[in-house]
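Working notes for the structure below.
A short reminder: the numbers here are calculations on the coordinates, not readings from a lab. A quick note: this is a predicted structure, and the numbers were derived from the prediction, not measured. FYI the Cβ positions are ideal-geometry reconstructions off the backbone, even for glycines, and counts take in every protein chain you see.
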């Protein structure tokens, strides 16, 4: 496998089953909550934090964190759409 940091969001998300992606989406929705925050900006910031933190982790943990970040960016794009 490539270094997880070298994979694109599409590649990271393609590694997940539809069920895993749905679980990530649910987890993200629970993290963001129904508050009146600008969810698009919040998701983008959280995704960036996860991406930066991933570089400090082992390969398996980094992959999971980068997949979460990719899912956050995907959700931000959908919400902004």
Check your understanding: In whole Å, what is the distance between the alpha-carbon centres of region 25-81 and region 1-20?
Key -> 14
Check your understanding: What is the gain in length, in nm to one decimal, between residue 16 and residue 41 on full extension, counting 0.36 nm per residue of separation less the C-alpha to C-alpha distance?
Key -> 6.6 nm
Review point. Once the Cα atoms of helix 59-80 and of the chain are each reduced to a long axis, what angle between those two axes, in degrees from 0 to 90 to the nearest 10, is obtained?
Key: 30
Point to revise | Residues 19, 75, sorted so that the one with the fewest Cβ neighbours within 10 Å comes first | key: 19, 75
Study note, to complete from the structure: Helix 18-32: inclination vs the chain longest Cα principal axis, degrees, rounded to 10, gives 50
Exercise for review: Using a Gaussian network model of the chain whose springs link C-alpha atoms within less than 10 Å, name the residue from 69, 54, 14 with the highest mean-square fluctuation.
Suggested key: 14
Exercise for review: Please give, to one decimal in nm, the separation of the simple spin-label points placed at residue 55 and residue 26, each 7 Å out from Cα toward the Cβ.
Suggested key: 3.4
Exercise for review: Specify the angular offset, from 0 to 90 degrees and rounded to the nearest 10, of the alpha carbon long axis of helix 39-54 from the longest principal axis of the alpha carbons in the chain.
Suggested key: 20
Review point. What order do you get for 79, 43, 12 when you list them from fewest to most C-beta neighbours inside 10 Å?
Key: 79, 12, 43
